[in-house]
1. Taking the Cα centroid of segment 134-192 and of segment 225-246, what is the distance between the two, rounded to the nearest whole Å?
2. With a ≥ b ≥ c the root eigenvalues of the C-alpha gyration tensor of segment 128-167, is it rounded (a/c under 1.5), prolate (a/b larger than b/c) or oblate?
3. Can you give the calculated 222 nm mean residue ellipticity of the chain, where each DSSP H run of n ≥ 4 adds -39,500 (n - 2.57) and the sum is split over every residue, rounded to the nearest 500 deg cm²/dmol?
4. Cα atoms only, segment 69-130: Rg and Dmax in Å?
5. Using the alpha carbon gyration tensor of segment 17-66, what are the three equivalent-ellipsoid semi-axes (square root of 5 times each eigenvalue), largest first, in whole Å?
6. Mind checking which lysines have their Cα closer than 24 Å to the Cα of Lys34? Skip sequence neighbours fewer than 8 apart in that chain.
7. Please return the longest range in the chain lying between exposed loop sites, taking GluC sites (Glu not before Pro), DSSP loop only, at most 13 other beta-carbon atoms within 10 Å, and leaving the sites out.
8. Can you give the FRET efficiency for Ser205 and Gln25, using 1/(1 + (r/R0)^6), R0 = 22 Å, r = Cβ-Cβ distance, to the nearest 0.05?
Amino acid sequence: MTTSAERVTAAVLIIGDEILSGRTQDVNLNAIAKYLATYGVDLCEARVVSDVEQDIVDAVNALRTRYDYVITTGGIGPTHDDITADSVGKAFGLPVHEHPEIMAMLEARWGEVNAARRRMAHVPEGGTLVKNPVQGPPGFQIGNVFVLAGVPAIMRGMLDDVGPRLRTGAVVISRTVRVDGSGEGLIAAPLEAVAKAHPDLSMGSYPFFTPPDGYGANLVVRGRDAAQVDQAVDELIEALKAAGAAKVWAVEA
């Protein structure tokens, strides 16, 4: 793992009709975003595509050329709609073979491996395996694309073998300013002024409502320079107070 002052970017590609139909709720995106943040890698885009080969190919090619890394989840099991490995191979223009290490794992568990289970051994030529410490066969890496399982517990286990392979950047620091009893109409102008004064930082407003009468917003300031983030937080608190916000304070992010 190397460290770079430059920004390192990533995208997530979630594959599966079950996600798009609403039958299965995705929780992998949140886990991946938090995991990448610890390595200073910015998750910049997430897409969900159906179990259609060309859709997967197009998405992989679009994302891998735009971002430093792509993480896919789903579609590497034994059923007919598990076509991620073959689709990723097509995206790279590479033949897909049955990886001998995975075949050995499958044979050790089941003896003779049927056609459905052999599908789980599909890896594009030149791909390296991503360890699966939880259950079942591993995922794989080809180029800047990591192909992981869709089952959340298995996916999270695989992430532990992804992190050490990443070129990392400076970790983003996050601070929160809480505004209680004031709406975004009052907050907007001071927030915009401070944001314009610190173009290298990211600032966002996240309103909340606590029945019956509570309301306000959490204003999140994010950046890679701790001193600049702290300065922006101080300026934001002062600007909000000057605008008439009575209850304003910095809280843990």
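The values are calculated or read from the model by the stated rules, or taken from the named source; none is laboratory data. From a predicted model like this one, the values you see are computed outputs, not experimental measurements. Backbone-built Cβ (ideal geometry, glycine too); neighbour counts: all protein chains shown. Just so you know, the surface numbers come from the protein's heavy atoms only, side chains and all, with ligands and any DNA or RNA stripped out. Shrake-Rupley method; radii C 1.70, N 1.55, O 1.52, S 1.80 Å.
1. Each part reduced to its Cα centre gives a spacing of 26 Å.
2. On the way: a/c = 1.91, a/b = 1.57, b/c = 1.21.
Because a/c hits 1.5 or more and a/b exceeds b/c, segment 128-167 counts as prolate.
3. -11000 deg cm²/dmol
4. 11.6, 36
5. 22, 17, 6
6. Lys131
7. Numbers: sites that count: Glu6, Glu112, Glu125, Glu252.
Between exposed loop sites, the widest span is 126-251.
8. E(calc), rounded to 0.05, equals 0.25.
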